[in-house]
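Only one structure is covered here, and it is reproduced in the block below.
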Amino acid sequence: RRASTPGLNLGTKKITLDFITAMMDNFQAGVLLDAPTVIRLVSQTTSILEKHQNIVEAKIREKLTVVGDIHGQLEDLLHIFQLNGLPS
């Protein structure tokens, strides 16, 4: 695996859909994130998740895919996203 390219460094920016999709593409190509980007990503994700309830009610319009513990198999998760689309 290769180290992250400078263009994918999160830096002080917020997580965006463009960043996530670029990260997923790079992961599939074997490009890893650098340590500062991982730390920033975990920190931002933690802040987002702490603001939400554990259980959320949702009206299902079409299709629902529930994913449990993937045991670190990120390739499997990316495949699920390819089949079903990104989470909404």
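The values are calculated or read from the model by the stated rules, or taken from the named source; none is laboratory data. Treat the numbers as computed from the prediction; the structure is a model and nothing was measured. Positions of Cβ are backbone-derived with ideal geometry, glycine not excepted, and every protein chain shown enters the neighbour counts. Surface accessibility is based on the protein's heavy atoms, side chains included, excluding ligands, DNA and RNA. Shrake-Rupley method; radii C 1.70, N 1.55, O 1.52, S 1.80 Å.
Quick notes on this one:
- Region 36-47, residues that are free of Cβ contacts under 8 Å to residues at least 24 places away in the same chain, more than 18 Å from Gly72 (Cβ to Cβ) and either open to solvent by less than 100 Å² (accessible area, probe 1.4 Å) or touching a helix residue (DSSP H, G or I) at 6+ places or on another chain (Cβ under 7 Å) (or both): Ser43, Thr46, Ser47
- Residue list for region 49-88, restricted to those being over 24 Å from Val31 (Cα atoms) and surrounded by 11 or more Cβ atoms within 10 Å (Cβ to Cβ): Val67
- One residue alone among Asp25, Asp69 is at pLDDT 80 or above, out of contact with any Leu (no Cβ under 8 Å at 6 or more places or on another chain) and part of a loop (DSSP other than H, G, I, E, B), and that residue is Asp69.
- Residue in region 31-44 that is closer than 21 Å to Asn84 by Cα and within 16 Å of the chain's Cα centre (by Cα) present: no
- Residue list for region 23-35, filter: open to solvent by 90 Å² or more (accessible area, probe 1.4 Å) and over 18 Å from Lys13 (Cβ atoms): Gln28
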